[in-house]
Each structure stands twice: as C-alpha cells, then as structure tokens.
1. So which of ALA102, ALA87 ends up being more than 20 Å from the chain's Cα centre (by Cα), of a type in the set (A, V, I, L, M) and surrounded by fewer than 20 Cβ atoms within 10 Å (Cβ to Cβ)?
2. So which residues in the stretch 87-113 are outside any loop (DSSP other than H, G, I, E, B) and touching a helix residue (DSSP H, G or I) at 6+ places or on another chain (Cβ under 6 Å)?
3. Give me the residue from the stretch 48-75 that is surrounded by fewer than 18 Cβ atoms within 10 Å (Cβ to Cβ) and not small (Gly, Ala, Ser) and, out of that set, modelled with the lowest pLDDT.
4. With the checklist (1) at pLDDT 95 or above; (2) part of a loop (DSSP other than H, G, I, E, B) in hand, flag the one item LEU81 doesn't pass.
5. For the list (1) aliphatic (A, V, I, L, M); (2) more than 15 Å from the chain's Cα centre (by Cα); (3) at pLDDT 95 or above; (4) over 20 Å from LEU54 (Cα atoms), I need the number of the one condition that ALA300 fails.
6. Restricting the search to the stretch 90-99, which residues are more than 21 Å from GLY281 (Cα to Cα) and surrounded by fewer than 18 Cβ atoms within 10 Å (Cβ to Cβ)?
7. Can you name the residue in the stretch 264-290 that is in contact with a Pro (Cβ under 9 Å, 6 or more places away or on another chain) and more than 14 Å from ALA12 (Cβ to Cβ) and is also surrounded by the most Cβ atoms within 10 Å (Cβ to Cβ) among such residues?
8. Tell me, yes or no, whether the stretch 187-198 has at least one residue that is surrounded by fewer than 22 Cβ atoms within 10 Å (Cβ to Cβ) and over 20 Å from the mean Cα position of the chain (by Cα).
Amino acid sequence: MGKATDTVHAAAAGTWLLGDLKVHRIGLGAMRLTGSAPFHLGAPSDRDRVTGLLRRAIELGVNHIDTAAFYFSRSRSANELINSALAPYPDDLVIATKVGPARDASGEWTTPARPDQLRGQVEENLRQLGRDHLDLVNLRVMGQSSVAEHFGALSELRDAGLVRHLGVSGVRPEHLAQARAIAPVVCVQNRYGLDARDGEDVLRHCAAQGIAFVPFFAIAGAGRETGAGGAESEEVLAVARALGASPSQVRLAWTLRQGEHVLAIPGTGNPDHLADNIAAGALRLTDEHMALLGSTHGTAG
C-alpha cells in the first residue's frame, strides 16, 4: 500500500464495540486541533483548515473522536472546533472525552479535580460539545493509588444519564480492577506503542475481558505531547520501504496488530497526515514484518 487515495476509508481497519457503540478501529485524537503544538504552546491553528479536517475525517469514515475540555490553546478549544465543524453530529459518531486533569484560564496545569468536581468537568464538556450526554468519559488517573472515589463519582453521573459509558486512562492493573468493581469499564487509554511497550499486562487483560485498549502517543513515542521527532529506527524504515508506506503508518499498523480490541486515535491538525493515518488501517503487516519490528526495544514511560 502506498500513499492514501480517495478510496481510503476507516472501515478498512475493522470495528470494535465501545459498550454498545460500534466504532472503526482507527479514529482521531483531538489534542493537536488547537495549534502547532499541544495546549497553550505554539501558533494557533487555522480555523478553516481544522474545520475542513474534521469534516474530511467524517467523510473518510472516522466515527470515533477523542477529545477533552482541557485541550485548548490561547485562541482555540478542541471541543468548540468539533462542535462548530460537525454539529448536528452524525448518528454513528462517538465522541470520547476525559476528565481529571485541570487547567486554569491561562492554560497552566492546576491541581487535578477532586471527585466532587468531576460533575463540573463533565458539564463543561457537555456545554462545549453541545450535547445532552457524553458517549464516553475516561477518568484520567493522576497519580492516586485508588480510583474508587473518583470513578464512583463518574458512575453516579452515568446513572443520572449525563454519561453513557465509562473508561479509565493512565492506569495500572489494580486501578482497572478498582474501577470494574464499581461500574462497567468499556475502554482503557494508556500510553503504548512500538517504543513504549511497558504495561502490556493491561493490554492483555483488556483482551481477555473484551475491553477496548486505546493507546495514545502510538506515533509520537518518546516525543509524547511534542510529537514524533529524532531518527526513526532502521526496523521501521525497512518495513516502510518494503510496503511503500510512511514510518507513521507502519507504527499505526503495528499498533492495530496487537489485538482486535486495540483502537488507534492518532492526533493531527494536518489534513494530509489525516489521510495517511486513516490509510494505515488498510496496511497489512506480515508475520515477518512483525518479527522485525518486534526486535526494536520499547522503553518505559
């Protein structure tokens, strides 16, 4: 497979259920919609370009967008951009958001939300997205040893009809067990990728329980929020050359090969990168390719 063409569609990656919501296994992360760098760094995005990117994503079959109220820059809010570009929303579009982290109006990170503050964060996402309920809310764990009190607060919001499904993010196995003892968990969002393979125990546990595993920074690797950078590994370059694909596509395809329950949410504000990322869902890595890529060494996050 070479460059993306007009025939590219997210359906090529297959589907998975987030609770009772069917999504294509390759979606879109919204963190980079607000500018050239995440959060309050870098130049602001061009509104028309981002609006076009979001609408093009829907045309290419994306029906899973991952966002958060704390994805904003000096002049842009990811949620507001999504709302203005896509509302009224397609019936099959699943918008996942996350709560827990907090930023003040200047963009600086503040103390994470207490359990009693999570309702305010959920309502802020509802307001910005123009929704009467949220399809999926992930609790982003911010270093606490137990998630029970926070997840319990979200479970009450689920019971109240403000949230349809719940997930967790940045968790260890014990966090997942604590959450599942309170309410159903439909997905786990953890850092995971070719360069960050620690935490595979959570990935395997999710597979056994039928829980979606949604890795972030699958392309960026060690670059995390700042994006991919530095020299690419020879193994990735060799597979990319063999398939006529980009290194980013190889990384996404490797991620999707980790299990049918694995979903990809590559983030970009670049329309060309969007098409290439979605095209990765049709890239088929052979066992030989996987063995070669497996010889690279993931690093702990």
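1. Details: ALA102 fails: more than 20 Å from the chain's Cα centre (by Cα).
Only one candidate qualifies: ALA87.
2. Within the stretch 87-113, the first condition is being outside any loop (DSSP other than H, G, I, E, B), and the residues that meet it are 94-99, 103, 109.
Of everything in the stretch 87-113, those that are outside any loop (DSSP other than H, G, I, E, B) and touching a helix residue (DSSP H, G or I) at 6+ places or on another chain (Cβ under 6 Å) turn out to be THR97, VAL99.
3. Just the residues of the stretch 48-75 that are surrounded by fewer than 18 Cβ atoms within 10 Å (Cβ to Cβ), to begin with: 48-49, 51-52, 55-56, 59, 74-75.
Pick out the ones that are also not small (Gly, Ala, Ser) and you get 48-49, 51, 55-56, 59, 74.
Numbers: ASP48: 94, ARG49: 94, THR51: 96, ARG55: 98, ARG56: 97, GLU59: 98, ARG74: 83.
This residue is ARG74.
4. With respect to (1) at pLDDT 95 or above; (2) part of a loop (DSSP other than H, G, I, E, B), LEU81 is out only on (2).
5. (3)
6. Our first condition is that a residue be more than 21 Å from GLY281 (Cα to Cα); within the stretch 90-99, this holds for 90-91, 97-99.
PRO90, ASP91 - these are the residues of the stretch 90-99 that are more than 21 Å from GLY281 (Cα to Cα) and surrounded by fewer than 18 Cβ atoms within 10 Å (Cβ to Cβ).
7. Residue satisfying both the conditions and the ranking: GLY267.
8. Checked the stretch 187-198: no residue is surrounded by fewer than 22 Cβ atoms within 10 Å (Cβ to Cβ) and over 20 Å from the mean Cα position of the chain (by Cα).
The values are calculated or read from the model by the stated rules, or taken from the named source; none is laboratory data. Just so we're clear, the structure is a prediction, and the values are computed from it rather than from any experiment. Positions of Cβ are backbone-derived with ideal geometry, glycine not excepted, and every protein chain shown enters the neighbour counts.
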